Amino acid sequence: MPELPPLSPWWDKNRHADRRPFLLARAKIKAAIRAWFDDQGFVEVETGCLQVSPGNETHLHAFKTELTRPDLISQTLYLHTSPEFACKKLLAAGETKIFTFAPVFRNRERGRLHHPEFTMLEWYRADQTADHGPGAPGSKPHYHVLWNDCAQLLKIAAHAANNPHWSFNDHHCDPMREPEPITLDEAFTRFAGIFLLGEAFSAGVPDRDAFARAALAVGVNTADDDSWSDIFSRVLVERIEPMLCPPSPRAHTATILHEYPAPEAALARRSDRDPRVADRFELYACGVELANGFGELTDANEQRLRMETDMAEKERIYAERYPLDEDFFAALDAMPRASGCALGFDRLVMLATGATHIDDVIWTPMLPAS
């Protein structure tokens, strides 16, 4: 089969003409989302991209640079992988409802859904629960309000793009219907045949070897050096994600996958109801992961321990680690109980407009498309 000719550069007039409808729709979607947040009483903020720490997740890779001060002393800085640290410092400073369209940077990522520089829509709500205290009978975790936000953002994007039926890779989604919530435990049981909170835990504690045996029993292979989290990711990618919106002519609802197990809590607090899980969710539409939300952890000691563990794992796998942001830990002590969500804005635009590659919805994409 002959090779396809390389794409012309994005600034070629013919290619730009093909992409321009997607880009104009992007602008409409952004304006509509801004208007919605404004109506909800949010303040739009702009966070700095240069940070002492880019974020401390094991498998996220950052761009490193160097600041030279007027006295010629140099300091290593990074382009942030998320505006999260800065936004939480603003919550500590007294802001209560903020959002940002932040340019963020992630290395080693390139493909139809990945671009080294992309736009993250991130928003935070300081706790405004009035009817119930945390953990009170009949109460819901405060971070559930973010599910409602996500549902509204899907509808806003669909209206702005004038497209009520989304599809990607033969996966179809109706963004006007409310997303279906499903816990990780339910998803692992239904789609993988693994009782996540039973077979992958022993006496309430994550059990790597028991998890590996359970995965192998249902045909998911693991490596000897796979951690508990590695096994979780393997099952999630192979068995769970393909079933959240299976290929079908019928349009499915979006999915809220929630109650992530505690080893996957990241920056989320543990559930008041069950310490084996965290107040964390992810939003999927058309089989595409769109958003990641937390009931935010405000325990600086616990957060430090998690990040140190992640950086040790990063060094084991990739022979590198990133510094910790000490100001971030100090800010956590002053931060109110809050919830926050990060949504890949470019992916949202892709689904809403029917674009098939992330380069089609970025005004000035970098590097050749793969």
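To the nearest Å, what is the center-to-center distance of the stretch 251-324 and the stretch 9-54, using C-alpha atoms only? Cα centres, the stretch 251-324 to the stretch 9-54: 26 Å. Excluding H80 itself, what net charge comes from residues whose Cβ is under 13 Å from its Cβ, given Lys and Arg +1 and Asp and Glu -1? It works out to a net charge of -2.
Which residue, R280, R15, R306, tops the fluctuation ranking in a GNM of the chain built on C-alpha contacts under 10 Å? It is R15. Length gained on full extension, E289 to Q40: 87.1 nm, using 0.36 nm per residue less the C-alpha separation.
With Cβ to Cβ distances under 14 Å as the rule, what net charge do the other residues near V361 carry (K, R +1; D, E -1)? Surrounding charge for V361 is +3. Our estimate of slack between I73 and E315, defined as 0.36 nm per intervening residue step minus the Cα-Cα distance, is 84.4 nm. Between the C-alpha center of the stretch 60-107 and that of the stretch 196-231 there is a gap of 35 Å. The slack between N221 and H16, meaning 0.36 nm per residue of separation minus the straight C-alpha distance, is 69.4 nm.
By the gyration tensor of its Cα atoms, with a ≥ b ≥ c the square roots of the eigenvalues, what is the shape of the chain: rounded for a/c under 1.5, prolate for a/b over b/c, or oblate? The shape class here is rounded. Taking other residues whose beta carbon is less than 12 angstrom from the beta carbon of I240, and scoring Lys, Arg as +1 and Asp, Glu as -1, yields -3.
Evaluated over the chain, the count of Lys pairs having alpha-carbon atoms less than 16 Å apart is 5 (only pairs 8 or more residues apart or interchain).
Does the stretch 47-125 come out rounded, prolate or oblate, given a ≥ b ≥ c as the square roots of the eigenvalues of its C-alpha gyration tensor, rounded meaning a/c under 1.5 and, failing that, prolate meaning a/b above b/c?
Working: a/c = 2.22, a/b = 1.09, b/c = 2.03.
Oblate is the answer for the stretch 47-125, as a/c is 1.5 or above yet b/c matches or exceeds a/b.
Every number in this text was worked out from the coordinates using simple rules, so none of it is lab data. This is a predicted model, so every value here is computed, not measured. Cβ: placed from backbone, ideal geometry, glycine included. Neighbour counts: every protein chain shown.
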